[in-house]
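To keep things clear, I will list the structure first and then write my remarks on it.
The values are calculated or read from the model by the stated rules, or taken from the named source; none is laboratory data. What you see is a predicted model, and the numbers here were worked out from it, not measured in a lab. Don't worry about glycine lacking a Cβ; one is built from the backbone with ideal geometry, like all the others, and counts go over all protein chains shown. Quick note on the areas: whole protein, heavy atoms, side chains included, nothing else; ligands and nucleic acids left out. Shrake-Rupley method; radii C 1.70, N 1.55, O 1.52, S 1.80 Å.
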Amino acid sequence: MSRTVYVNGEYCAEEDAKISIFDRGFLMADGVYEVTSVLDGKLVDFDGHAKRLERSLKELDMASPVTMDELLEIHRELVKRNDLEEGGIYLQITRGAPADRDFAFPDPATTPSSIVLFTQVKNLANAPAAQTGISVISIEDQRWARRDIKTVQLLYPSMGKMMAKAAGADDAWMVEDGQVTEGTSNNAYIVKGRKIITRQLSNDILHGITRAAVLRLAKEAQMEVEERGFTIEEAQDADEAFITSATTFVQPVVSIDGETIGTGKPGNIALRLREIYIEESRAKAI
Ligand code: PMP
(Lines give C-alpha, C1' and ligand atoms only; values in the text may rest on other atoms or scores of the structure.)
Protein backbone atom coordinates (compact mmCIF):
# COMPACT_ATOMS: atom_id res chain seq x y z
CA MET A 1 0.00 0.00 0.00
CA SER A 2 1.23 3.47 -0.86
CA ARG A 3 2.35 5.61 2.04
CA THR A 4 1.45 9.21 2.64
CA VAL A 5 4.70 11.15 2.89
CA TYR A 6 5.55 14.79 3.61
CA VAL A 7 7.54 16.91 1.15
CA ASN A 8 8.16 20.65 1.52
CA GLY A 9 4.90 21.58 3.15
CA GLU A 10 2.62 18.98 1.57
CA TYR A 11 1.29 15.55 2.35
CA CYS A 12 1.12 13.37 -0.74
CA ALA A 13 1.24 9.77 -1.94
CA GLU A 14 4.82 8.45 -2.06
CA GLU A 15 4.69 8.00 -5.84
CA ASP A 16 3.81 11.70 -6.27
CA ALA A 17 6.59 13.00 -4.01
CA LYS A 18 9.25 14.96 -5.90
CA ILE A 19 12.59 16.62 -5.09
CA SER A 20 14.66 18.69 -7.55
CA ILE A 21 17.72 17.16 -9.23
CA PHE A 22 19.55 20.31 -8.02
CA ASP A 23 18.80 19.51 -4.39
CA ARG A 24 22.08 19.69 -2.45
CA GLY A 25 21.11 16.61 -0.50
CA PHE A 26 21.17 14.68 -3.77
CA LEU A 27 24.23 16.41 -5.31
CA MET A 28 26.42 16.90 -2.25
CA ALA A 29 25.02 14.95 0.69
CA ASP A 30 24.43 18.42 2.15
CA GLY A 31 21.72 17.36 4.54
CA VAL A 32 20.92 16.06 7.99
CA TYR A 33 18.44 13.48 9.20
CA GLU A 34 16.76 11.91 12.22
CA VAL A 35 14.92 8.66 12.78
CA THR A 36 12.35 8.65 15.57
CA SER A 37 10.88 5.32 16.54
CA VAL A 38 7.18 4.72 16.99
CA LEU A 39 5.74 2.33 19.60
CA ASP A 40 1.99 1.87 20.10
CA GLY A 41 1.43 4.65 17.55
CA LYS A 42 3.43 7.13 19.67
CA LEU A 43 6.79 8.87 19.27
CA VAL A 44 9.73 7.73 21.38
CA ASP A 45 11.95 10.55 22.71
CA PHE A 46 10.81 13.09 20.11
CA ASP A 47 12.35 15.85 22.20
CA GLY A 48 15.80 14.26 22.10
CA HIS A 49 15.67 13.86 18.32
CA ALA A 50 14.39 17.42 17.81
CA LYS A 51 17.20 18.83 19.98
CA ARG A 52 19.87 16.86 18.12
CA LEU A 53 18.39 17.97 14.79
CA GLU A 54 18.60 21.61 15.86
CA ARG A 55 22.22 21.09 16.84
CA SER A 56 23.10 19.36 13.52
CA LEU A 57 21.48 22.23 11.59
CA LYS A 58 23.34 24.83 13.65
CA GLU A 59 26.71 23.12 13.19
CA LEU A 60 26.18 23.21 9.41
CA ASP A 61 24.72 26.72 9.35
CA MET A 62 21.58 25.33 7.74
CA ALA A 63 18.16 26.90 8.21
CA SER A 64 15.23 24.82 9.42
CA PRO A 65 12.14 25.12 7.22
CA VAL A 66 9.90 24.33 10.22
CA THR A 67 9.76 25.00 13.95
CA MET A 68 10.14 22.03 16.29
CA ASP A 69 6.43 22.35 17.23
CA GLU A 70 5.49 22.10 13.55
CA LEU A 71 7.81 19.13 13.22
CA LEU A 72 6.02 17.33 16.04
CA GLU A 73 2.69 17.98 14.32
CA ILE A 74 4.02 16.57 11.01
CA HIS A 75 5.32 13.45 12.79
CA ARG A 76 1.95 12.90 14.46
CA GLU A 77 0.03 13.54 11.26
CA LEU A 78 2.14 10.96 9.39
CA VAL A 79 1.59 8.38 12.13
CA LYS A 80 -2.16 9.03 11.85
CA ARG A 81 -2.41 9.08 8.06
CA ASN A 82 -0.39 5.87 7.75
CA ASP A 83 -1.91 4.06 10.75
CA LEU A 84 1.60 3.44 12.02
CA GLU A 85 1.63 1.29 15.14
CA GLU A 86 5.30 0.31 15.27
CA GLY A 87 8.29 1.44 13.22
CA GLY A 88 9.96 4.75 12.59
CA ILE A 89 9.69 8.16 11.02
CA TYR A 90 12.56 9.22 8.79
CA LEU A 91 13.16 12.96 8.54
CA GLN A 92 15.63 14.69 6.24
CA ILE A 93 16.44 18.37 5.85
CA THR A 94 18.83 19.52 3.11
CA ARG A 95 20.22 22.89 2.06
CA GLY A 96 17.63 23.05 -0.70
CA ALA A 97 17.78 23.28 -4.47
CA PRO A 98 19.63 26.31 -5.88
CA ALA A 99 19.39 27.24 -9.58
CA ASP A 100 22.63 25.44 -10.40
CA ARG A 101 25.31 23.24 -8.87
CA ASP A 102 27.83 25.26 -6.87
CA PHE A 103 30.11 24.35 -3.96
CA ALA A 104 29.31 27.60 -2.14
CA PHE A 105 26.24 27.51 0.07
CA PRO A 106 23.23 29.20 -1.55
CA ASP A 107 21.60 32.19 0.13
CA PRO A 108 18.90 30.73 2.42
CA ALA A 109 16.70 33.77 1.63
CA THR A 110 16.33 32.62 -1.97
CA THR A 111 16.98 28.88 -1.53
CA PRO A 112 14.89 27.45 1.30
CA SER A 113 15.92 24.16 2.89
CA SER A 114 14.10 21.04 1.66
CA ILE A 115 12.29 18.79 4.10
CA VAL A 116 11.09 15.24 3.60
CA LEU A 117 9.51 12.82 6.07
CA PHE A 118 8.20 9.29 5.60
CA THR A 119 7.10 6.40 7.79
CA GLN A 120 8.67 2.94 7.95
CA VAL A 121 6.90 -0.10 9.36
CA LYS A 122 9.27 -2.21 11.46
CA ASN A 123 9.04 -4.80 14.18
CA LEU A 124 11.00 -3.10 16.96
CA ALA A 125 10.04 -4.46 20.37
CA ASN A 126 9.98 -8.11 19.24
CA ALA A 127 12.83 -8.00 16.72
CA PRO A 128 14.24 -11.56 16.38
CA ALA A 129 17.85 -10.26 16.54
CA ALA A 130 17.25 -9.18 20.13
CA GLN A 131 16.61 -12.81 21.11
CA THR A 132 19.55 -14.33 19.25
CA GLY A 133 22.05 -11.47 19.44
CA ILE A 134 24.07 -10.31 16.45
CA SER A 135 27.59 -10.87 15.13
CA VAL A 136 29.87 -7.98 14.22
CA ILE A 137 33.18 -7.61 12.44
CA SER A 138 35.70 -4.81 12.98
CA ILE A 139 36.59 -2.42 10.18
CA GLU A 140 38.69 0.72 10.03
CA ASP A 141 36.72 3.92 10.65
CA GLN A 142 37.14 5.87 7.41
CA ARG A 143 34.42 8.49 7.94
CA TRP A 144 34.92 12.25 8.16
CA ALA A 145 35.89 13.90 11.44
CA ARG A 146 32.46 15.39 12.38
CA ARG A 147 30.52 12.25 13.20
CA ASP A 148 28.66 14.14 15.93
CA ILE A 149 26.61 15.80 13.16
CA LYS A 150 23.93 13.47 11.83
CA THR A 151 24.48 13.99 8.10
CA VAL A 152 23.19 11.92 5.20
CA GLN A 153 26.78 11.04 4.16
CA LEU A 154 26.17 7.35 4.78
CA LEU A 155 28.29 5.79 2.05
CA TYR A 156 31.00 4.43 4.34
CA PRO A 157 28.51 3.00 6.87
CA SER A 158 26.70 1.35 3.92
CA MET A 159 30.01 -0.11 2.75
CA GLY A 160 30.62 -1.32 6.30
CA LYS A 161 27.28 -3.17 6.33
CA MET A 162 28.24 -4.77 3.00
CA MET A 163 31.67 -5.81 4.37
CA ALA A 164 29.86 -7.40 7.31
CA LYS A 165 27.46 -9.20 5.00
CA ALA A 166 30.34 -10.48 2.84
CA ALA A 167 31.99 -11.85 6.00
CA GLY A 168 28.74 -13.58 7.08
CA ALA A 169 28.19 -11.13 9.96
CA ASP A 170 25.32 -8.80 10.83
CA ASP A 171 27.12 -5.50 11.29
CA ALA A 172 30.48 -3.81 11.73
CA TRP A 173 32.15 -1.90 14.58
CA MET A 174 34.51 0.80 13.40
CA VAL A 175 37.98 1.20 14.85
CA GLU A 176 40.20 4.28 14.92
CA ASP A 177 43.67 4.46 16.50
CA GLY A 178 43.12 0.99 17.92
CA GLN A 179 39.82 1.79 19.65
CA VAL A 180 36.20 1.18 18.75
CA THR A 181 34.36 4.37 17.80
CA GLU A 182 30.84 2.99 17.17
CA GLY A 183 28.80 0.66 14.98
CA THR A 184 27.87 1.58 11.40
CA SER A 185 24.47 2.84 12.58
CA ASN A 186 24.57 2.41 16.36
CA ASN A 187 26.64 3.03 19.49
CA ALA A 188 28.83 0.19 20.81
CA TYR A 189 29.18 -1.11 24.39
CA ILE A 190 30.89 -3.85 26.34
CA VAL A 191 30.09 -5.15 29.82
CA LYS A 192 32.61 -6.34 32.42
CA GLY A 193 30.99 -7.67 35.57
CA ARG A 194 28.32 -5.06 36.24
CA LYS A 195 30.24 -2.26 34.54
CA ILE A 196 29.07 -0.90 31.19
CA ILE A 197 31.82 0.60 29.04
CA THR A 198 31.16 2.81 26.01
CA ARG A 199 33.22 5.43 24.22
CA GLN A 200 33.02 8.97 25.62
CA LEU A 201 31.17 11.66 23.66
CA SER A 202 33.23 13.77 21.24
CA ASN A 203 33.18 14.68 17.54
CA ASP A 204 34.29 11.07 16.87
CA ILE A 205 30.86 9.51 17.39
CA LEU A 206 27.18 10.30 17.01
CA HIS A 207 25.64 11.33 20.32
CA GLY A 208 22.98 8.64 20.32
CA ILE A 209 19.60 9.53 21.74
CA THR A 210 19.17 5.90 22.79
CA ARG A 211 22.68 5.96 24.31
CA ALA A 212 21.73 8.88 26.56
CA ALA A 213 18.55 7.14 27.74
CA VAL A 214 20.20 3.75 28.26
CA LEU A 215 23.13 5.17 30.27
CA ARG A 216 20.70 7.11 32.47
CA LEU A 217 18.59 3.97 33.02
CA ALA A 218 21.71 1.91 33.77
CA LYS A 219 22.79 4.38 36.47
CA GLU A 220 19.27 4.43 37.92
CA ALA A 221 19.46 0.61 38.10
CA GLN A 222 22.73 0.91 40.09
CA MET A 223 24.87 -0.36 37.23
CA GLU A 224 28.29 1.22 36.86
CA VAL A 225 28.98 3.19 33.67
CA GLU A 226 32.45 4.04 32.37
CA GLU A 227 32.71 6.28 29.32
CA ARG A 228 36.01 5.47 27.60
CA GLY A 229 37.38 3.84 24.49
CA PHE A 230 38.05 0.11 24.29
CA THR A 231 39.86 -2.18 21.86
CA ILE A 232 38.46 -5.09 19.88
CA GLU A 233 40.60 -7.44 22.03
CA GLU A 234 39.05 -6.04 25.22
CA ALA A 235 35.60 -6.44 23.68
CA GLN A 236 36.29 -10.06 22.69
CA ASP A 237 37.30 -10.69 26.29
CA ALA A 238 34.24 -8.94 27.80
CA ASP A 239 31.32 -10.68 29.55
CA GLU A 240 28.78 -9.06 27.23
CA ALA A 241 28.55 -6.64 24.32
CA PHE A 242 25.64 -4.72 22.82
CA ILE A 243 24.60 -1.88 20.56
CA THR A 244 21.97 0.83 20.87
CA SER A 245 20.03 2.90 18.33
CA ALA A 246 16.54 4.31 17.90
CA THR A 247 15.48 1.38 15.73
CA THR A 248 17.32 -1.50 17.46
CA PHE A 249 16.88 -0.22 21.06
CA VAL A 250 19.38 -2.38 22.99
CA GLN A 251 20.57 -5.33 20.92
CA PRO A 252 23.03 -7.93 22.25
CA VAL A 253 26.24 -8.68 20.32
CA VAL A 254 27.35 -12.30 20.69
CA SER A 255 30.42 -12.45 18.47
CA ILE A 256 33.14 -10.06 17.32
CA ASP A 257 35.44 -11.00 14.42
CA GLY A 258 34.37 -14.63 14.91
CA GLU A 259 35.21 -14.70 18.65
CA THR A 260 32.33 -15.63 20.91
CA ILE A 261 31.45 -13.06 23.61
CA GLY A 262 30.74 -14.51 27.07
CA THR A 263 28.48 -17.55 26.74
CA GLY A 264 27.63 -16.78 23.10
CA LYS A 265 24.08 -15.93 24.18
CA PRO A 266 22.59 -12.47 24.80
CA GLY A 267 23.86 -11.24 28.17
CA ASN A 268 21.69 -10.52 31.21
CA ILE A 269 22.64 -6.87 31.46
CA ALA A 270 21.92 -6.20 27.79
CA LEU A 271 18.56 -7.98 28.05
CA ARG A 272 17.64 -6.17 31.26
CA LEU A 273 18.56 -2.78 29.75
CA ARG A 274 16.50 -3.62 26.67
CA GLU A 275 13.52 -4.47 28.86
CA ILE A 276 13.66 -1.29 30.95
CA TYR A 277 14.36 0.87 27.90
CA ILE A 278 11.28 -0.46 26.09
CA GLU A 279 9.19 -0.16 29.25
CA GLU A 280 10.18 3.48 29.76
CA SER A 281 9.83 4.32 26.06
CA ARG A 282 6.27 2.98 25.96
CA ALA A 283 5.39 4.88 29.12
CA LYS A 284 6.88 8.20 27.98
CA ALA A 285 6.09 8.10 24.23
CA ILE A 286 3.98 11.03 23.01
N1 PMP B 1 25.89 6.03 15.71
C2 PMP B 1 25.62 6.12 14.40
C3 PMP B 1 26.75 6.23 13.44
C4 PMP B 1 24.29 6.09 13.93
O5 PMP B 1 24.02 6.18 12.62
C6 PMP B 1 23.24 5.95 14.89
C7 PMP B 1 21.81 5.87 14.45
N8 PMP B 1 21.45 6.78 13.51
C9 PMP B 1 23.58 5.86 16.25
C10 PMP B 1 24.91 5.91 16.62
C11 PMP B 1 22.52 5.73 17.30
O12 PMP B 1 21.84 6.93 17.52
P13 PMP B 1 20.34 6.96 18.04
O14 PMP B 1 20.33 6.20 19.33
O15 PMP B 1 20.05 8.39 18.25
O16 PMP B 1 19.50 6.31 16.99
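Treat each spin label as a single point 7 Å out from the Cα along the C-beta direction, and report the residue 131 to residue 263 distance in nm.
A separation of 1.7 nm, rounded to one decimal place.
Based on alpha-carbon positions alone, could you give the equivalent ellipsoid semi-axes of the stretch 1-84 from the gyration tensor, as √(5λ), descending, whole Å?
On the way: eigenvalues 94, 74, 21 Å².
Values for the stretch 1-84, descending: 22, 19, 10 Å.
Could you compute the FRET efficiency for residue 216 and residue 99, with r as their C-beta to C-beta distance and R0 at 35 Å, rounded to 0.05?
About 0.15, to the nearest 0.05.
To the nearest 10 square angstrom, what accessible area does residue 277 show with a 1.4 Å probe?
10 Å²
Could you work out the local net charge near residue 164, counting Lys and Arg as +1, Asp and Glu as -1, over the other residues with Cβ closer than 13 Å to its Cβ? Write down the numbers at each step before the final one.
On the way: positive: 161, 165; negative: 170, 171, 257.
Combined, the nearby Lys, Arg, Asp and Glu give -1.
What is the angle, in °, between the Cα long axis of helix 68-81 and the longest principal axis of the Cα atoms in the chain? Nearest 10 is fine, range 0 to 90.
So the inclination is approximately 80 degrees.
Roll a 1.4 Å probe over the protein heavy atoms and report the accessible area of residue 228 in Å², nearest 10.
Answer for residue 228: close to 70 Å² accessible.
Projected onto the charge dipole of the chain (+1 at Lys/Arg Cβ, -1 at Asp/Glu Cβ, origin at the Cα centre), which of 131, 154, 25 gives the Cα projection farthest towards the positive end?
Farthest along the dipole direction, towards plus: 131.
What shape does the stretch 1-155 take by its C-alpha gyration tensor, where a ≥ b ≥ c are the square roots of the eigenvalues and a/c under 1.5 counts as rounded, a/b above b/c as prolate, and the rest as oblate?
Working: a/c = 1.83, a/b = 1.23, b/c = 1.48.
The shape class here is oblate.
Using alpha carbons only, how many angstrom separate the centre of the stretch 198-240 from the centre of the stretch 93-147?
Centre-to-centre (Cα) distance: 23 Å.
Around residue 114, with a cut-off of 14 angstrom between Cβ atoms, what is the net charge of the other residues, counting Lys and Arg +1 and Asp and Glu -1? Don't jump to the answer; show the numbers that get you there.
Details: positive: 18, 24, 95; negative: 10, 23, 30.
Result for the local shell: 0.
Accessible area per residue, 1.4 Å probe, Å², for the stretch 4-121: what's the number? Mind dumping the intermediate values first?
Values: 5950 Å² over 118 residues.
Normalised by residue count, the accessible surface of the stretch 4-121 is 50 Å².
Quick check: with the 1.4 Å probe, what order do 192, 51 take by accessible area, largest first?
Numbers: 192 85, 51 120 Å².
The residues order as 51, 192, largest area first.
Apply 1/(1 + (r/R0)^6) to the Cβ-Cβ distance of residue 15 and residue 272, taking R0 = 35 Å, and write down the FRET efficiency to the nearest 0.05.
On the way: r = 44 Å, r/R0 = 1.25.
E between residue 15 and residue 272, to the nearest 0.05, is 0.20.
Which shape class applies to the chain: rounded if a/c is under 1.5, otherwise prolate when a/b exceeds b/c and oblate if not, where a ≥ b ≥ c are the square roots of the Cα gyration tensor eigenvalues? Write out the running numbers ahead of the final one.
Details: a/c = 1.97, a/b = 1.51, b/c = 1.31.
Prolate shape, in that a/c is at least 1.5 and a/b is the bigger ratio.
Tell me, what HN-Hα J-couplings in whole Hz come from the Karplus equation 6.51 cos²θ - 1.76 cosθ + 1.60 at θ = phi - 60° for each residue of the stretch 2-19, using x for Gly and Pro?
Per residue, the Karplus-derived 3J(HN,Hα) values read 6, 7, 8, 10, 10, 9, 6, x, 10, 8, 8, 5, 4, 6, 9, 6, 9, 10 Hz.
Express the accessible area of the stretch 128-284 per residue in Å², computed with a 1.4 Å probe while the remaining protein chains stay in the model.
Values: 6910 Å² over 157 residues.
That works out to 44 Å² per residue.
Using a ≥ b ≥ c from the Cα gyration tensor of the stretch 58-149 (square roots of the eigenvalues), is it rounded, prolate or oblate, where a/c under 1.5 gives rounded and otherwise the larger of a/b and b/c decides, a/b for prolate?
Working: a/c = 3.01, a/b = 1.33, b/c = 2.27.
Oblate.
Where Lys and Arg each count +1 and Asp and Glu each count -1, what net charge lies around residue 240 among other residues with Cβ under 11 Å from its Cβ? Spell out each step's value before the answer.
Details: positive: 192, 194, 195, 265, 272; negative: 239.
Value of the local net charge: +4.
Projected onto the charge dipole of the stretch 1-81 (+1 at Lys/Arg Cβ, -1 at Asp/Glu Cβ, origin at the Cα centre), which of 43, 67, 12 gives the Cα projection farthest towards the positive end?
Towards the positive end, the residue furthest out is 43.
Please state the Cα pair-distance histogram of the stretch 128-284 with 5 angstrom bins from zero: what percent is in each bin?
Calculated over all Cα pairs of the stretch 128-284, the distribution is 2, 10, 21, 24, 22, 14, 6, 1, 0 percent.
So how much accessible area does residue 102 have, in Å² to the nearest 10, using a 1.4 Å probe?
Roll a 1.4 Å probe over it and residue 102 shows about 90 Å².
Quick one: if you stick a label point 7 Å off each Cα along the C-beta vector at residue 148 and residue 120, how many nm between them?
2.6 nm
State the antiparallel share, in %, of DSSP beta bridges confined to the chain, rounding to the nearest 5. If you can, show how the numbers build up before the last one.
Working: 45 of 57 bridges.
Bridges in the chain that DSSP calls antiparallel: roughly 80 percent.
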